[in-house]
Structure formats: C-alpha cells, structure tokens
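**Q** If you scroll down you'll find the structure; I have some questions about it.
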Amino acid sequence: MSRRLAILVSSALAAFGLGTAASAQQCPDPCTATFVKTNEQGMLLAGDTVLVQPTTHVNGTGALLGVIGGGTVCHPCTICGQRFNVSWNILSTKDLVYNNCGPLEQNGGSGLIHYYYTGSCGQTPVNLQLDYGDITGSCPDIPNPDYTVTWTFTCASCQ
C-alpha cells in the first residue's frame with residue numbers, strides 16, 4: 001500500500017513539475033506589430049501636402065502549443081493589423097502614386113483613402129511607398145520622384 005502511495009505521489013509531482021515547466025515558457029504575447037516611416041527623401045513644392053496618418057493598431061498574439069526538447073513551440077500568431085489614412089492636397093500639377101504603379105492623383109488635386117494592412121507574425125514586412133513628381137511610362141510610374149516616403153508594416157515573429 002505504501003509503495004502504491006509512493007508511486008502515486010511521484011507521478012503527481014512529475015506531472016506538476018511538467019505543467020510548471022510548460023507554463024513558465026510562453027510565446028511572445030503580444031506579437032508586436034509596427035508601422036513606421038522607414039524612408040523619406042526630397043521635398044514637396046510649397047503648398048503641396050501628403051500625409052500618412054496611422055489609426056487603429058492591432059498586435060498579434062501567440063499561444064503555447066507545447067515544449068519539445070526544451071524549446072517552445074508556438075502556433076502562428078493571430079493576425080496583426082494596421083489601419084491608416086493617406087491624404088493629400090496638391091496645388092501644383094504634380095502627380096502622386098503609391099507602390100510604384102498605383103495612381104492616387106494626376107495633375108494636382110486632393111483626396112483621402114483608407115487602407116488596412118494585415119499580416120501573420122513573422123511574415124515578410126509590407127511597404128507603402130508614396131512617390132510625388134511627374135508620371136512617365138504606362139504603369140504609371142514616377143522614376144525620379146521629387147519626394148518619396150516609405151512606411152513599413154511589420155508583424156514580429158511569434159517564436
């Protein structure tokens with residue numbers, strides 16, 4: 001009887017020890033998302049404005065699937081997200097495009113658009129590039145912008 005009790009106590013302690021070890025190791029929570037200006041060059045003409053305004057920001061989260069060989073195993077994080085607005089007011093006859101071929105404005109004007117970038121943790125970063133200048137080519141493209149700005153959306157790694 002005492003031998004059976006000793007085995008049960010040993011089993012309980014072993015299970016408790018494993019549970020404690022698993023709960024001590026956690027996945028990054030949250031999996032931090034960032035949306036930052038990573039490049040800005042050139043100038044806008046006087047009176048012209050281009051503005052990127054970040055709004056709703058969502059970090060991803062990870063969950064512990066288990067501990068294998070002393071390492072933490074996570075599932076991919078829930079989706080990270082970033083909402084932002086791009087607004088512009090171009091008084092000159094300059095053009096504005098995004099990501100090289102997306103026309104926003106040609107020959108001056110104003111506008112506002114709303115974007116929402118999403119990504120899984122550890123995914124390749126996503127850029128928003130705005131170019132201001134004179135469109136050439138069929139894309140339309142601004143190969144030599146007077147002003148360019150790049151914002152990068154990154155969802156950190158879950159593991």
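**Q** Are any of the residues in the range 36-43 at pLDDT 95 or above, under 25 Å from PRO145 (Cβ atoms) and touching a Leu at 6+ places or on another chain (Cβ under 7 Å)?
**A** no
**Q** Considering the range 105-159 alone, what residues qualify as being in contact (Cβ under 8 Å) with a residue 60 or more places away in the chain and of a type in the set (Asp, Glu)?
**A** The one that is in contact (Cβ under 8 Å) with a residue 60 or more places away in the chain and of a type in the set (Asp, Glu): ASP146.
**Q** If you don't mind, another one. I'd like to verify a number: residues in the range 44-69 that are over 22 Å from the mean Cα position of the chain (by Cα) and modelled with pLDDT under 95, how many?
**A** Taking the range 44-69 first, the residues over 22 Å from the mean Cα position of the chain (by Cα) are 44-49, 65-69.
Going one step further and asking which of them are modelled with pLDDT under 95, we end up with 65-69.
The number of residues fulfilling the criteria is 5.
**Q** Can you tell me which condition THR124 does not meet? The list is (1) in a strand (DSSP E or B); (2) exposed (fewer than 14 other Cβ atoms within 10 Å of the Cβ); (3) under 26 Å from the mean Cα position of the chain (by Cα), and all the others hold.
**A** (1) is the only condition that THR124 fails.
**Q** Could you please find all residues in the range 70-102 being exposed (fewer than 15 other Cβ atoms within 10 Å of the Cβ), at pLDDT 90 or above and more than 23 Å from the chain's Cα centre (by Cα)?
**A** Of everything in the range 70-102, those that are exposed (fewer than 15 other Cβ atoms within 10 Å of the Cβ), at pLDDT 90 or above and more than 23 Å from the chain's Cα centre (by Cα) turn out to be LEU91, SER92, THR93.
**Q** If you go through the range 127-159, how many residues are at pLDDT 95 or above and β-branched (Val, Ile, Thr)?
**A** So the answer is 4.
**Q** Within the bounds of the range 103-125, is there any residue that is in contact with a Leu (Cβ under 6 Å, 6 or more places away or on another chain) and of a type in the set (Phe, Trp, Tyr)?
**A** no
The values are calculated or read from the model by the stated rules, or taken from the named source; none is laboratory data. Note that the coordinates shown come from a computational prediction; the quantities given were computed from them, not determined experimentally. In this analysis, Cβ positions are derived from the backbone assuming ideal geometry, glycine residues included, and neighbour counts consider all displayed protein chains.
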